[in-house]
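Colleague: If you scroll down you'll find the structure; I have some questions about it.
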Amino acid sequence: MVEADYFGVESGNKLQNKFENSGLTANKSEMLDAPVINEFPLCLECEFIEYQSGEYGCGVIGKVVNVTADESVIVDGKIDMSLVNAIAFDPYTHGHYKVTERVGEAFKDGLQLKK
């Protein structure tokens, strides 16, 4: 969590030894001009589409062009998110939260309300 947050608060355009300071290592993506962090078990490589800024905030739109995952988070040929130890950032509370438990079935559970 500390390293991931550090990458959000320090600009790689201004600081050349960002990876050295974090203690993490990376390889260059084969798909994009971007690093793939070796110590993270899951990487979504995204192509920048557009930056949106409006009355209610801002956001970045991207297209996932490649996914790499360590074998430690793959079960029966699929990524098991409960093994990734992922975190999510909440911009309203400025908090980081663990994403650890599957709570439902996408595109299925909501069908019970369909008439």
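Colleague: Please list, by residue number, every one of the chymotrypsin sites (Phe, Trp or Tyr not before Pro) in segment 46-81 that is coil in DSSP and has at most 16 other beta-carbon atoms within 10 Å.
Modeller: Those satisfying the criteria are Tyr56.
Colleague: Averaging sequence separations of C-alpha pairs under 8 Å and six or more residues apart, then dividing by the length of the chain, give the relative contact order as a whole percent.
Modeller: Details: 126 pairs, mean separation 15.9, N = 115.
Relative contact order for the chain comes out at 14 percent.
Colleague: Measure off, as a whole percent, the carbon and sulfur share of the 1.4 Å-probe accessible area of the chain, all protein chains present. Walk me through the numbers on the way to the answer.
Modeller: Working: 5150 of 9660 Å².
Answer for the chain is 53 percent, counting heavy atoms of protein chains only.
Colleague: Another one. Using only helices, what value at 222 nm comes out for the chain when you add -39,500 (n - 2.57) per DSSP H run of length 4 or more and divide by the total residues, to the nearest 500 deg cm²/dmol? Walk me through the intermediate numbers first.
Modeller: Values: 3 runs with 17 residues, N = 115.
My calculation for the chain gives -3000 deg cm²/dmol from helical runs alone.
Colleague: Follow-up question, since we're still on this one. Lys/Arg Cβ at +1, Asp/Glu Cβ at -1, dipole of the chain taken about the Cα centre: which of Ser72, Gly8, His94 is farthest positive-ward?
Modeller: Farthest towards the positive pole: His94.
Colleague: Which value in Å is the Kirkwood Rh of segment 1-50 over different Cα pairs? Intermediate values should be presented prior to the final figure.
Modeller: On the way: mean 1/r = 0.0839 Å⁻¹.
So the Kirkwood estimate lands at 11.9 Å.
Colleague: Just how many pairs of Lys in the chain have C-alpha atoms closer than 20 Å, counting pairs that are eight or more places apart or on different chains? Numbers along the way, then the final one.
Modeller: Values: Lys14/Lys28; Lys18/Lys28; Lys28/Lys63; Lys78/Lys108.
For the chain, the number of qualifying lysine pairs is 4.
Colleague: For segment 71-76, just list the computed ³J(HN,Hα) in residue order, Karplus coefficients 6.51, -1.76 and 1.60, θ = phi - 60°, integers in Hz, with x standing in for Gly and Pro.
Modeller: 4, 5, 10, 10, 10, 6
Colleague: Where nothing but the Cβ of Lys and Arg (+1) and of Asp and Glu (-1) is charged, how large is the charge dipole of the chain around its Cα centre, in debye to the nearest 20? The partial results should precede the final answer.
Modeller: Values: 10 positive and 19 negative charges, 80 e Å.
Using Cβ point charges on Lys, Arg, Asp and Glu, the chain gives about 380 debye.
Colleague: Okay, moving on. Treating only the Cβ of Lys, Arg, Asp and Glu as charged (+1, +1, -1, -1), what charge dipole size does segment 8-53 show about its Cα centre? Round to the nearest 20 debye. Spell out each step's value before the answer.
Modeller: Details: 3 positive and 8 negative charges, 40 e Å.
With only Lys, Arg, Asp and Glu charged at Cβ, the dipole is about 200 debye.
Colleague: How big is the dipole moment of segment 76-115 about its Cα centre under a simple scheme where the beta carbon of each Lys and Arg is +1, that of each Asp and Glu is -1, and everything else is neutral? Debye, nearest 20, please.
Modeller: On the way: 6 positive and 6 negative charges, 46 e Å.
So the dipole magnitude of segment 76-115 works out to roughly 220 debye.
The values are calculated or read from the model by the stated rules, or taken from the named source; none is laboratory data. What you are looking at is a predicted structure, and each value in this text was computed from that prediction instead of being measured. Cβ coordinates were reconstructed from backbone atoms using ideal geometry, including for glycine residues, and neighbour counts include every protein chain displayed. Heads up: the accessible areas ignore ligands, DNA and RNA and are worked out on the full protein's heavy atoms, side chains in. Shrake-Rupley method; radii C 1.70, N 1.55, O 1.52, S 1.80 Å.
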